[in-house]
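Down below is the structure, laid out as structure tokens.
Values in this text are rule-based calculations from the coordinates and carry no lab data. Computed from a predicted model, the values in this text were never measured in an experiment. All Cβ positions, glycine included, derive from the backbone under ideal geometry; neighbour counts span all protein chains shown.
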Ligand code: DQA
């Protein structure tokens, strides 16, 4: 059985309430419940971690090294400037990380166009709303 960790960063605990025209009307718990069920259909255990604190995200990334087969990460705004999160993924680079975003960041403000994480991730899926997560899970499970 595979084990995958899904990490969500700052403000993603506000999904459903936060700018629903951009991020949709479903909560993170709703999305996670569906991902858990999808994982079961692919013989994969899916765990979840969310934090608004950069250092806690770094520590969760380190836990992938010994505890998981891969990781799906939506680092929220940290994506665009966190050297610490880039370095944490690089430290665990032998495990596949997929960067996801609900929105298509390239159609939004210029400051969202740069990702610190893409160079150290296996792939990037963005712009499909909550489906970005399920596409990433399928990609990791088929790997
Ligand atoms: C986001 C895009 C980021 O630019 C933003 O800061 C977020 C959410 C997304 O999923 O579309 O918090 O990562």
What's the total number of residues in the range 34-49 that are over 15 Å from the mean Cα position of the chain (by Cα) and either farther than 14 Å from residue 136 by Cα or not in a helix (DSSP H, G or I) (or both)?
7
Scanning the range 10-27 residue by residue, those farther than 15 Å from residue 103 by Cβ and in a helix (DSSP H, G or I) turn out to be 13
Can you tell me which residues in the range 74-107 are touching a helix residue (DSSP H, G or I) at 6+ places or on another chain (Cβ under 8 Å), within 12 Å of the ligand (Cβ to nearest atom) and not in a helix (DSSP H, G or I)?
74, 75, 82, 99, 100, 101, 102, 103
Members of the range 63-100 found to be surrounded by fewer than 17 Cβ atoms within 10 Å (Cβ to Cβ), touching a strand residue (DSSP E or B) at 6+ places or on another chain (Cβ under 8 Å) and touching a residue at least 60 places away in the same chain (Cβ under 8 Å), listed by number:
67
If we scan the range 59-73, do we find a residue that is within 16 Å of the ligand (Cβ to nearest atom), assigned to a strand (DSSP E or B) and out of contact with any helix residue (DSSP H, G or I) (no Cβ under 6 Å at 6 or more places or on another chain)?
yes
Residue count, the range 108-140, condition in a helix (DSSP H, G or I), surrounded by 15 or more Cβ atoms within 10 Å (Cβ to Cβ) and within 11 Å of the ligand (Cβ to nearest atom), comes to 3
